[in-house]
Amino acid sequence: MVLLASSSSSSSSSIHSSAVVYEYICCTVFDMASSVQVSKQRIALHEFCCRRSRTPALYGVAFRRATSPVGVQKVAARRAVAAECRPSLARMWREIQGSDNWDGLVEPLNPLLRDEIVRYGEFVVACYKAFDLDPRSTRYLNCKYGKKSLLREVGMASTGYEITKYIYATPDVSFPTQNGSTCRSRWIGYTAVSSDGEVRRLGRRDILVALRGTVTHAEWIANFMSALTPARLDPNDPRPGVKVESGFLSLYTSYDSSSRFSSGSCREQMLAEVSRIINTYKDDYLSITLAGHSMGSSLAVLFGYDLAELGLNQATPVTVYSFGGPRVGDLGFKERCEELGVKVLRVVNVNDPITKMPGVLLNEHLRAVAERYELPCYAHVGVEVALDFFQMNNPVHVHDMEAYLGALKCRPKEATDHGNSGTNLVSKARRFWRGQFNFVARQWQEAATHLGNLVKSLRPGRQIEPRVHRR
């Protein structure tokens with residue numbers, strides 16, 4: 001009786017294993033179907049299965065069934081049904097772009113939304129890769145490549161976008177450069193538009209503005225010009241109660257007449273190009289996506305607000321993807337953005353000090369105190385997607401753009417990974433003590449410590465070395 005049960009159990013296990021292997025091999029073979037080396041890969045796959053299995057014959061049977069025409073057709077049919085049931089980007093792009101303020105898409109993070117965040121983040125990474133920091137180069141502090149070749153040079157030739165214009169910003173700070181140039185204008189990003197093929201996948205024609213973060217000394221100085229000043233971007237109403245950080249506003253509105261690559265301020269360049277593209281594709285469904293990291297995210301938020309004040313977001317959805325961005329304005333700015341329907345998705349690392357600046361002491365969490373004593377109070381705009389990553393031996397990692405994308409890509413795995421109990425215990429302890437001692441003095445101490453380490457780790461005039469976070 002026992003022997004019979006054992007035999008039955010073994011047979012059942014073998015059948016189950018065969019089904020699993022069959023499914024896996026069917027999918028693998030289906031993926032290889034378009035390859036010119038199918039026959040070689042079939043042989044290699046068969047040999048691999050036999051080597052890794054204790055029952056080579058079982059894998060052999062599954063392999064023959066999977067590679068038959070009927071097997072491949074079955075997998076193709078199952079995948080077609082799955083694709084039909086799965087929400088496509090073309091069908092729900094408005095929700096992904098924040099039409100409902102990402103309600104129900106952030107916690108837990110929707111896979112489609114996560115993929116879009118990563119995709120737009122990679123356009124920002126391209127800005128860092130293409131920025132020329134060689135003082136001996138004739139393109140020093142500008143882009144290394146031409147508009148037609150940039151995406152190809154940084155390994156993004158198949159993105160389905162075409163760059164239409166380069167964007168330059170001018171810090172209102174005089175700072176000597178290593179090559180002795182007096183030009184204050186720096187290349188910070190580009191505008192691009194999706195191709196016809198990408199339009200079919202996205203469900204609309206997307207106008208993209210990608211902006212890098214702080215790299216040069218002058219940009220760092222501009223970032224720390226944290227006094228609040230009226231934005232005055234509304235052409236019909238100066239709105240003195242809507243205030244933004246003076247350093248970011250200076251970068252957005254200043255221009256350098258000596259620049260040989262650009263004309264006009266950062267604001268004028270972006271407004272002119274986006275308006276031109278809208279007019280060119282006025283018969284298409286359009287979206288405007290602004291993606292930026294650090295300083296670039298601040299400029300993206302300012303531009304999104306600017307477009308909304310001009311009324312351009314009424315007919316064309318405008319969305320900001322902010323990575324590691326600081327606070328841009330005060331409570332009046334936040335309220336005006338919400339009133340205008342400015343859509344901002346903030347991707348932040350809870351250990352990144354830049355996201356706590358400016359307004360470490362007086363921010364949206366102490367609104368009542370600030371209003372009672374009429375104190376200036378900074379406030380974040382938009383919906384937050386929180387990440388948590390840190391490397392003790394590399395403080396720069398907490399603000400690195402590629403580390404942000406690495407954390408996003410492995411976020412689903414982290415949610416179900418219980419193997420590293422030590423790391424999980426440390427994380428739980430940190431969250432517990434933060435909840436117990438979440439007061440202003442501790443926030444200031446943590447932010448100041450992280451910021452000091454971050455600044456010390458930066459080499460003057462050099463880009464942060466990207467390090468992708470892995471657990």
- prompt: Where does the charge balance sit around Tyr168 when Lys and Arg score +1, Asp and Glu -1, over other residues with C-beta under 15 Å from its C-beta?
  reply: +3
- request: Could you tell me what fraction of 2.2 N^0.38 Å the Cα radius of gyration of the range 302-400 comes to, as a two-decimal ratio?
  value: 1.19
field: Label point distance in nm, His365-Ala272, each placed 7 Å from Cα along Cα→Cβ
entry: 4.3
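Assuming 0.36 nm per residue, please report the length gained on full extension of the stretch Cys410 to Ser149 beyond their Cα-Cα distance.
Fully extending the segment from Cys410 to Ser149 adds 90.9 nm.
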query: How much net charge surrounds Leu105 when only other residues with a Cβ under 13 Å from its Cβ are counted (Lys, Arg +1; Asp, Glu -1)?
result: -4
query: Using the beta-carbon distance between Asp100 and Glu338 and R0 = 22 Å, what value does 1/(1 + (r/R0)^6) give for FRET efficiency, to the nearest 0.05?
result: 0.95
- prompt: Once the Cβ-Cβ distance between Asp283 and Arg200 is put in as r, and R0 is 22 Å, what FRET efficiency do you end up with, to the nearest 0.05?
  reply: 0.90
statement: For Ile221 and Glu162, extending 7 Å from Cα along the Cα-Cβ vector and measuring point to point gives, in nm, a value of 4.1
- prompt: Once the Cβ-Cβ distance between Asp388 and Val70 is put in as r, and R0 is 45 Å, what FRET efficiency do you end up with, to the nearest 0.05?
  reply: 0.40
query: Pairs Lys147/Lys356; Lys129/Lys282; Lys147/Lys343; Lys144/Lys165; Lys243/Lys282: which exceed 26 Å Cα-Cα?
result: Lys147/Lys356; Lys129/Lys282; Lys147/Lys343; Lys243/Lys282
- prompt: What's the local net charge at Glu364, with K and R +1, D and E -1, over the other residues with C-beta under 13 Å away?
  reply: 0
- prompt: How many nm is it between the label spots at Arg239 and Arg372, if each spot is 7 Å from the Cα in line with the beta carbon?
  reply: 2.9
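Taken together, the values in this text are just the output of simple stated rules run on the coordinates, not laboratory data. Just so it is clear, the model here is predicted, and its values are computed rather than measured. With ideal geometry, Cβ positions are generated from the backbone for all residues, glycine too; neighbour counts draw on all protein chains shown.
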